[in-house]
Structures are given as structure tokens and as C-alpha cells.
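Reading through the C-alpha cells given below for one structure.
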Ligand SMILES: [Zn+2]
């Protein structure tokens, strides 16, 4: 079964890329652009930067110590997309592998001398994930043999002892290799890697052990902390180990860490990571919009984790967060032309910056998207995720089919064949048409934000449905339909009062999409914009995309010598009474596609002191 995650048990089973075919629509269009443009774009840059040349033995070696992993993520994308460039690239990689399975273009000759920062096991993790993707879509070949030899080398070298890697990912990769091959040593190696972390297993570093989650054992942690991508990849591996070994305590521990992190350390977009220092989570309620890190890879890792927890528990809250993160982080991470990418995804950008045409530092402050980065983890991560995005659409609940994410698609399972027709996320009607009949339950997810949804399961029989899953069970005949109507009225959204950085601000959402104000060209700047929550949000449709408009007040203060005073500055009061102007709001994922721009998701409330 072509699927990135195939647990042997759980409340739900994934339906893979064979069972779910996505057609033109929000995700189908992005998957097609990825296959036709982004994958080749990534390969061109990996050649240009010499990162592929490293496998051909070029000297001096080029790129950062973990650049091998980008080639592996690209190979995974190619495997899911059945891309014709895969065999040749896989041969190039295979020729660099040493006799005992060791494979790394940076550390060959000085193996495992810096587990904290060396990323050797991290690189294997991505190689193994690529191998698993190839095994499940094609069968054994050069790539899969290379991955298995590397995994066997890891088991021989690391099964005994206390060592682990500074960057998790090998844990979930080894569990998946166990799932596809049945070889128990891979599961046992993954279990040991998860158990060793936090004992501690790694050396002291200047960022502290929490940076790589080596401060406390996984099952004792309270929330995700430290480097966001590391924390979320580790949690994925811990869920995989828990599911395969029946470790309920470990699964519960990750669930409660997820719960606390979502409640206190997650941006409105679903993005994770609040600090540029250490690319890390912040403290509870530390969620600054302008300094949000929200790395694209952390969003992808969060989607991977939500998917695993959904499969294990069947709880709709995991599919809800996946939907939010898919539409507002993954979709934001790549430009509409598929050729430039964001590394950080702040919720406010104060200064317009030119679109770069060359490689930039990954630590860029969140200006426009870039075609490549010195640390280019995000583009290839986007490529492999869009190439396998059909995996998130539907699951099997044993008694039938559950549809978790809405996009035009065809779903086949247990004799049933369904066509999902929808203009989601622009329109709220999801029509499920039975093409081939059979007995069973068809369930649809009612998103947590959908307070007044209705489901029509037979002509003329419409009922209100609450957030969670709703559906019908019967003997389905070709031509039968289920129609879910989701309320798509735009909503004003307020932050928790404990989020200091957002106090006095509101945001706008519609369906699963977060909206933002953007000022490009000679449009009025956003520095002193303010809105009146509760006022009308008018829809403006240009093509398929729904934009919004609301009344706003735009200030223009004189410069002051000192931005503090002994009395409230009165700005809000005066503007509360000021004349209105129309403020255009666009889906956040579309910002930065019109040239240099400023942007903000959170908008100050007019007429209220912001302190
Ligand atoms: Zn990244």
C-alpha cells in the first residue's frame, strides 16, 4: 500500500495513494505543480550547489554537514510522484555507500565523532524514508537496497550502548522500515533510540539539552520544547514505537504533550516555533506574530504527528489541526509558481523586502519566499509532502470510510468507490457521490470551527451535525449521495488574554483559512491600521479565490522622539471616531506573491487602548 505511515494497529487505518486519487482542486493543483515544477527545481538547485556532486566524490565537499538529507527527501518526493529522474539519482547515491553500509559525504573517515551536530543518523532517517516510499510504490531496486544496507549498518553499530543522534527522524523511519519488511531489529533499534533520549544520551551544548529534547525522557516531558522540528519528529517516532509495541503510557504521554502545546504554544496558522534562537518553541503563551519562527518543516512535522495520532486514536481534533496546518503553513511555504519557498512563516512582516533570485540564509527574517537556502530543509520537505498529500484525505474505520480532509478526489475501499466533489476551501459544500456501491459507513469530518453544519444523507433528509465525525451506514447504491454543508461565513477571532504579544488585536478566518492584510506597491501601509471587530466582512471573489473586505481606520502619526509617555497615547480613541476605509484581506497562504509587501494577520482593534 502506497502510504507514508502504515501502523499495524490503531483505531483507523490509512487509505493510501492507491486508494485515494486527488483530482484538480486546491490540493490536486498543488500536487500537480509539485510533480511538474518543484521536484525538478529542487534537483537543479542541488546540482548547482554541489550537494549532489558530493556523492560523486567532488572535492572540496560543498554544503552543510546535513546536505545529504536534502537529496534523500527529494528521492522520497520522486518515489511518491513516480518521477522519472529517480533511478539515476538513486544510482549516484548508491555509488557513495561504503562496503559495510555506511553512507555520508561529510563524515566518511571520521564516523560518528560528533553525534550532537553531525546529523549522520538524521541523514539515514531520510534515506530510509525514501527507501520505504520506493518499496511501497515500486518494489525493490537500487534505492531500497541502499536504504536497507544503511539501516542494517545502524542496527549493528548502535543496538548496544547509549548513543543517539542530535536530530531525530531515524526513529520513525526505522519503525516504517519494520512495517514494510517485518524485520524486528528495526523496531527494536527505534525503541532504543527513543528510550535513550533524555537519560541523557548526548553531550552538553551551548543551547542546552532541551534543544534536542535530551533534557528529560520522552515519557516524562510536559510539552514540546526546544528545536521545533526535532521535537515534532521525535514525537512522531515515539507514537510509532508506542503503537507497534503496545506502549499505552508512551502514547498517552505524547498525546498530553500535544494537547498542552496546541493550547499554549501554537500560532493561529497551526505554525509551531516562537523563537529564532534555537529555532525553538517558546514558553507557554509566548507567541509573537512578527517574531514567529513557524518553520515550514515544523508545520510539516506537526501534520505528520497529527496524522499518526489520528490513526492511533480516531480523535477528530488531530485531523482539525492537520487541516489548519495544511492550509496555512504547508500551502504558505511554496509560492504559487512552485519555485520559491518560505523557511520561517511570521504572522506579521513590517518591512517589504525584494524577492531574492539566489540562495539566501535560512535565518532570513521572513521576507519574501526564496528559491533556495543555505539550509534548504524546507523545499524538499514540501516536495515530499505534496507528493504524498493524498495520504491525509481519508481513512478506514473498519466498518467503512472516513473522509478527513476535503479536496476533489476519488476514494476506493472495501468495494465502495466514492467521488468527492467540492470547491473547498473556497466553498462549503462537500458532495460525496457513490460510484460503486456496497455496505458500510461513510463518515465525514465536521471541522471544529463549523458550528452550524448540516448533512443530507438521503434526498430531502437534512440534519444538523456537530463537530467531529458524522455520516450514515447502509447498503450504498451507485448514484447515492451524502452532502455536507459547512458554514463559510467569515469569523472574527480573538486571542487568549495570556498571549501578551496579541493583546488588543483580532484576526479573521473563513473556513479553514486564516486571512491577512497585505500592502504591496503603493497600497496604504499597515503600520497604523485598525479594525472594528463585529463589523461586516464582505466577500470579494476574484476567480476561485475568496478575498474579504472590512472597514478599517488608517492612521498616520508624526514621528515622536520617544515612543513612551505618562498617559495613554490616545491613538485608538481618535481613530475609533475617525472615517472608515476599506481594508482588503487575502488568504494568508497567498501573501507574498505580488512582490515586496508588508503583511499582518493580527489587526489592532480601533477605539481600544492596546495596553
Ligand atoms: Zn525546514
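Since every read-out is calculated from the coordinates, none of them should be taken as a lab result. Note that this is a predicted model, so its numbers are computed, not measured. Heads up, the Cβs are rebuilt from the backbone with ideal geometry, glycines too, and the neighbour counts pull from every protein chain shown.
Details
- For q = 0.16 Å⁻¹, Debye-computed log10 I/I(0) when each Cα of region 1-136 counts as one equal scatterer: -0.89
- Gyration tensor verdict on the chain (Cα atoms; rounded if a/c is under 1.5, prolate if a/b is larger than b/c, oblate otherwise): oblate
- One chain, two ends: residue 464 and residue 8. Fully extended at 0.36 nm per residue, the span grows by 160.6 nm beyond their Cα-Cα distance.
- Using the Cβ-Cβ distance between residue 276 and residue 204 with R0 set to 25 Å, the FRET efficiency from 1/(1 + (r/R0)^6) comes to roughly 0.70.
- Computed extension gain for residue 436 through residue 245, at 0.36 nm per residue and net of the alpha carbon distance, reaches 65.0 nm.
- Estimated [θ] at 222 nm from DSSP helical runs (n ≥ 4, -39500 (n - 2.57)) normalised by residues in the chain, nearest 500: -9500 deg cm²/dmol
- Peptides 94-104, 216-226 ranked from most to least packed give 216-226, 94-104, packing being the mean of other C-beta atoms within 10 angstrom over each peptide's residues.
- Residue 535 versus residue 263: modelled label distance in nm, points set 7 Å from Cα along the beta carbon direction: 3.6 nm
- Against the compact-protein benchmark of 2.2 N^0.38 Å, the Cα-based radius of gyration of region 369-451 scales to 1.39.
- For region 35-55 versus region 401-480, the gap between their alpha-carbon centres in whole angstrom: 40 Å
- Residue 220-residue 452 FRET efficiency (beta carbon distance; Förster radius 41 Å; 0.05 resolution): 0.45
- Normalised by the number of residues in region 1-156, the mean separation of alpha-carbon contacts (under 8 Å, six or more apart) gives a relative contact order of 24 percent.
- Additional length obtainable on full extension of the chain from residue 37 to residue 567, 0.36 nm per residue less Cα span: 185.2 nm
- Here residue 108 and residue 44 are evaluated by their C-beta separation; at R0 = 25 Å the FRET efficiency comes out at 0.45.
- Taken as Cα centroids, region 127-161 and region 341-381 sit 32 Å apart, rounded to the nearest whole angstrom.
- Share of pairwise Cα-Cα distances greater than 26 Å in region 253-395 is 22 percent (whole percent).
- Ordering of 456-465, 74-83 by burial proxy (mean other Cβ atoms within 10 Å per residue, highest first): 74-83, 456-465
- Between region 175-190 and region 482-528, the alpha-carbon center distance in angstrom: 44 Å
- Normalising the average separation of contacting C-alpha pairs (under 8 angstrom, six or more residues apart) by the number of residues puts the relative contact order of the chain at 13 percent.
- In terms of its C-alpha gyration tensor, region 218-282 has a prolate overall shape, because the principal axis ratio a/c (a ≥ b ≥ c, square roots of the eigenvalues) is not below 1.5 and a/b outweighs b/c.
- Per-residue Cβ neighbour rank within 10 angstrom, fewest leading, 424, 564, 112: 564, 112, 424
- Take the Cα of residue 163, step 7 Å toward its Cβ, do the same at residue 582, and the gap between the two points is 6.5 nm.
- Placing a label point 7 Å from the Cα of residue 91 along the Cα-to-Cβ direction, the residues of region 40-55 with a backbone N closer than 20 Å are 40, 43-44, 46-48, 51-55.
- Nitroxide proxy distance, nm - points 7 Å out along Cα→Cβ at residue 252 and residue 520: 5.1 nm
- Take 486-498, 287-299 and order them by the average number of nearby Cβ atoms within 10 Å per residue, most first; the result is 287-299, 486-498.
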